[in-house]
Amino acid sequence: MVPLPGTIYTSPLARCLETTRLIFAKVFEQQKQQFRPIIKESLRELLTDHTCDRRSTRSWIEEHYPDYVIEPGFSEEDKLWTGGRWETFEEHTARKQQVLEEIFSTDENTFVALTVHSYAMSAILRAVGWSEFRVQEGSSVALFVRAEKVDQTIE
């Protein structure tokens, strides 16, 4: 049996925030565990010119998802979505690599959960060196990644 994740991370887009609640809130309540997902800006979907990729304001998120923890530095307005350009797959993968490194270097839990969109999942697969596959909308994927600290001391 897989234990509950010690930390839940989620994209700030409304559809992921709601999916996180639908998947985890009741289970955490039943297990008498505190439900406090962490919203991370960099977990969001590929940035495109589509309005569905623009996030809600911080105050809207705080009002509708008061049990969620918003990461430090999270702006009121969406500063990533411009509506004028598409993020490249390389840029998206680099963004996911950076957020994974941040999570793995600061979170001491053995199991963490990420609630992300399908293109974000593809970018995570690229970032960890796995074969990429297209995740169908509404699907759950169990991805086990073993993170190791690498000494990057330059002599």
Quiz item: What full-extension length gain, to one decimal in nm, is calculated for His50 and Asn109 as 0.36 nm per residue of separation minus the Cα-Cα distance?
Solution: 17.7 nm
Quiz prompt | 222 nm mean residue ellipticity, helices alone, for the chain (DSSP H n ≥ 4; -39,500 (n - 2.57); rounded to 500) | solution = -8500 deg cm²/dmol
Exercise. Quick one: which residues, 5 or more positions from Val69 or on another chain, have an amide H under 5 Å from its amide H? H modelled 1.01 Å from N in the peptide plane, none for Pro or chain starts.
Key: Ile38, Ile39
Quiz item: If Lys and Arg each add +1 and Asp and Glu each add -1, what is the summed charge of the other residues whose beta carbon sits under 10 Å from the beta carbon of Glu71?
Solution: -1
Practice problem: First check a/c for the range 1-138, with a ≥ b ≥ c the square roots of the eigenvalues of its C-alpha gyration tensor; if it is under 1.5, answer rounded, and if not, answer prolate when a/b is larger than b/c or oblate otherwise. | Solution: oblate
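Since every read-out is calculated from the coordinates, none of them should be taken as a lab result. Owing to the predicted nature of the structure, the values given are computational and were not obtained by experimental measurement. Here Cβ is always computed from backbone atoms with ideal geometry, including for glycine, and neighbour counts include all displayed protein chains.
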